[in-house]
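In what follows, a single structure is set out as structure tokens and then discussed.
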Amino acid sequence: MCEQKQTPPVKVEVKNLTKKFGDLLVLDNISFDVYQGDLLCVVGPTGCGKTTFLNSLTKIYDITSGQILLDGKPVDPKTNNIAYIFQGDSTMPWLTVEQNVAFGLDIKHVPKARRDELVAKYLDIVGLTKYKSYYPKRNQRALRASSMLQRVSIARAFATEPELLLMDEPYGQLDIELRFKLEDELIKLWEMTKTTVIFITHNIEEAVYLGNRIMILTNKPTTVKRTVNNTLPRPRDIASPDFVALRTEVTDAIKWW
């Protein structure tokens with residue numbers, strides 16, 4: 001007799017989330033759960049409010065009504081360990097690669113020995129150890145521009161060992177080859193750390209390649225249309241019939257016209 005796989009505990013609980021900008025209703029009474037250790041990809045029509053949701057979760061925006069709970073308590077970026085990776089370069093040019101990765105740990109006053117251990121660990125994982133003394137802008141050619149700079153951001157985020165990692169289309173400006181390399185590194189880090197990740201993307205193939213669940217949003221005013229469990233084995237083959245079938249299923253669900 002096969003044992004049923006237990007559902008992980010809920011990490012993030014979104015209850016009746018509503019966000020208005022003046023008279024414009026963007027998020028309309030959204031409710032869903034994110035489980036501990038999820039890699040949840042969020043997709044939907046362009047401009048549907050995917051980034052608005054992340055900005056509400058991090059309190060960049062005040063929500064109009066509803067609740068966002070982290071481990072059963074109202075989310076608070078001042079006390080919760082949340083990391084955020086944006087689209088494009090967010091490195092600090094006046095700091096070296098090593099100092100950039102250490103930045104969040106210094107803010108949290110992590111003891112030097114532990115800080116150095118974490119920085120070395122994640123620089124090694126993303127392949128930046130030999131570039132640790134480089135400056136992002138001054139040595140941009142050596143760092144191969146966007147690809148390496150995003151690796152700095154990824155290492156910086158994971159080094160803080162966040163309880164929740166938010167990623168807002170972090171690979172949207174990269175070419176296909178670089179995107180796949182960084183996606184594979186993200187999967188490796190996620191599998192190793194079991195960090196809970198919410199990954200916003202407009203790229204359906206990316207969502208199917210990365211996510212263990214895919215949440216599909218409607219057009220504005222935005223609600224959750226459906227959430228798809230992605231049980232495709234890893235590493236995933238984007239040319240396999242099962243991958244193509246799931247990609248088509250998600251694409252068809254996003255269409256709102």
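The values are calculated or read from the model by the stated rules, or taken from the named source; none is laboratory data. This one's a predicted model, so the numbers in the text were calculated from it and none came from an experiment. Neighbour counts are summed over all protein chains in view; Cβ atoms, including those assigned to glycine, are modelled from backbone coordinates with ideal geometry. Please note that ligands, DNA and RNA were not included when accessible areas were found on the heavy atoms of the full protein model with its side chains. Shrake-Rupley method; radii C 1.70, N 1.55, O 1.52, S 1.80 Å.
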Open item on the list: Once R0 is set to 30 Å, what does the formula 1/(1 + (r/R0)^6) return for the Cβ-Cβ distance between Thr193 and Thr46, expressed as a FRET efficiency to the nearest 0.05?
Closed with: 0.45
TODO: Return one number: the angle in degrees, 0 to 90 and rounded to the nearest 10, between the long axis of the Cα atoms of helix 97-107 and the longest principal axis of the Cα atoms of the chain.
DONE: 70 degrees
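Which of the peptides 207-213, 130-136, 105-111 is most tightly packed, and how do the rest follow, going by the mean number of other Cβ atoms within 10 Å of each residue?
207-213, 130-136, 105-111
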Open item on the list: How would region 68-184 be classified by its alpha-carbon gyration tensor: rounded, prolate or oblate, with rounded meaning a/c under 1.5 and the a/b versus b/c comparison settling the rest?
Closed with: oblate
TODO: Report the normalised scattering of region 145-257 as log10 I(q)/I(0) at q = 0.15, 0.19, 0.22, 0.23 Å⁻¹, calculated by the Debye formula with identical scatterers on the alpha carbons.
DONE: -0.70, -1.10, -1.37, -1.43
- [ ] Calculate, for Glu163 and Arg234, the FRET efficiency according to 1/(1 + (r/R0)^6) with r their C-beta to C-beta distance and R0 22 Å; round to the nearest 0.05.
- [x] 0.40
TODO: With mean projected area of the Cα convex hull in nm² in mind, check (1) 13.2; (2) 13.9; (3) 16.0 and report the label derived from this structure.
DONE: (3)
- [ ] Enumerate the amide H contacts of Val42 below 5 Å, restricted to partners 5 or more residues apart or on another chain; note that Pro and chain-start residues carry no placed amide H.
- [x] Phe199, Ile200, Thr201, Met215
Open item on the list: For a protection proxy built on the mean count of beta-carbon atoms within 10 angstrom, sort 114-124, 228-238, 245-255 highest first, please.
Closed with: 114-124, 245-255, 228-238
Task: In Hz, Karplus ³J(HN,Hα) per residue of region 35-48 (6.51, -1.76, 1.60; θ = phi - 60°; x = Gly, Pro) - done: 8, 4, x, 5, 10, 8, 9, 10, 10, x, x, 4, x, 7
TODO: Please calculate how many Å² of accessible area the chain carries per residue, with a 1.4 Å probe and no DNA, RNA or ligand atoms counted.
DONE: 50 Å²
Open item on the list: Order 152-165, 33-46, 184-197 from most to least packed using the mean count of other Cβ atoms within 10 Å.
Closed with: 152-165, 33-46, 184-197
Open item on the list: Nearest 5 percent is fine: what portion of the DSSP beta bridges confined to the chain is antiparallel?
Closed with: 55 percent
Open item on the list: Taking the square root of 5 times each eigenvalue of the Cα gyration tensor, what semi-axes in Å does the equivalent ellipsoid of region 19-106 have, largest first?
Closed with: 27, 17, 14
Open item on the list: Just to be sure I understand the model, the point goes 7 Å from the Cα along the line to the Cβ. What's the resulting Asp33 to Lys255 distance in nm?
Closed with: 3.3 nm
Task: Label point distance in nm, Asp124-Phe86, each placed 7 Å from Cα along Cα→Cβ - done: 3.2 nm
Task: Those lysines that a straight Cα-Cα span of less than 28 Å connects to Lys225, excepting residues fewer than 8 apart in one chain - done: Lys5, Lys11, Lys15, Lys19, Lys20, Lys50, Lys59, Lys73, Lys194, Lys255
Open item on the list: What is the distance in Å between the Cα centroid of region 48-120 and that of region 169-201?
Closed with: 16 Å
